[in-house]
Structure formats: structure tokens, C-alpha cells
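Right, one structure below, let's go through it.
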Amino acid sequence: METDTQTIGPESTMEETLAAYPGARRALFRGYHIGGCASCGFEATETLAQLCERNNKLDVNEVLEHIRTATNRTKRSGWTPRPSPNYVRATRRRNSSMCGPARSSKPSRSPIPC
């Protein structure tokens, strides 16, 4: 799905946002710790406004500007992020043990907070 970056706004779904800005997932995680694990993740059908509302009532325009700025920085660096349909499922499985007690047989000193 190809989405024009000019049409992305508060009511855009995260699927549309990620299609327009492939580096948005990374920008959201680095800037706001959104999308890194199951407890702070998001659904593809969730709007950017809904995501901001449930994450400390973030200013949606500020978040959108952060995504745009990060995308421009990424373009200047020459690195091209590519969205993967399997990324969300794989990341959820891999990161589910990162937030909370470790799943190994050895006792954990402390869980990584989210």
C-alpha cells in the first residue's frame, strides 16, 4: 500500500503512517518508547491520535513532526528502512520476554521496565 506523506495526519491509521514513513516505528520507539514491546505496542488499525492519547496524551502534531524529522534525517544518511509484514509478529515474540521477568531458568536480577 502506497500512501502519500502529505495525507498523513491524526486520523491516519498506523498502517498508513508506516506505509508513508517506513522509519516511523523506529522514530516512535526512539523518541517516545512506543512500539518496542507488547505493553507499549500498537495495532495497525489504531489511529495516530488514539496512539498518542493512550501514551501519556502526547501532542499528535509533535509526534507527527518527530516522525517527519526522523524520516528526513534517515534519508540524508542514505539508510533506507523497509517495512516487513512479519516484523510485528516476530518482534512481539522476541521482545515479549524483555519487559517483565526473564524466561530463563536462571533468576533475573530485575526486569527491564517499559
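A Cβ distance below 6 Å, combined with a sequence gap of six or more or placement on separate chains, defines the contacts here; from the stretch 22-37, residues that are β-branched (V, I, T) reach residues that are modelled with pLDDT under 90 and in a helix (DSSP H, G or I) in the pairs I34/C40. Of all residues being in a loop (DSSP other than H, G, I, E, B) and touching a Cys at 6+ places or on another chain (Cβ under 7 Å) in the stretch 31-58, which is nearest to T7 (Cα to Cα)? Just the residue, please. Per the criteria, the residue is L58.
Assess whether L18 counts as being in contact with a Pro (Cβ under 6 Å, 6 or more places away or on another chain) and in a helix (DSSP H, G or I). Against the criterion (in contact with a Pro (Cβ under 6 Å, 6 or more places away or on another chain) and in a helix (DSSP H, G or I)), L18 qualifies. Being in a helix (DSSP H, G or I), on the phi < 0 side of the Ramachandran plot and modelled with pLDDT of 90 or more is a property that does not hold for Q6.
The values are calculated or read from the model by the stated rules, or taken from the named source; none is laboratory data. Just so you know, these numbers come straight off a predicted model, no measurement behind them. Please note: Cβ atoms are built from the backbone with ideal geometry, for glycine as well, and neighbour counts cover all protein chains shown.
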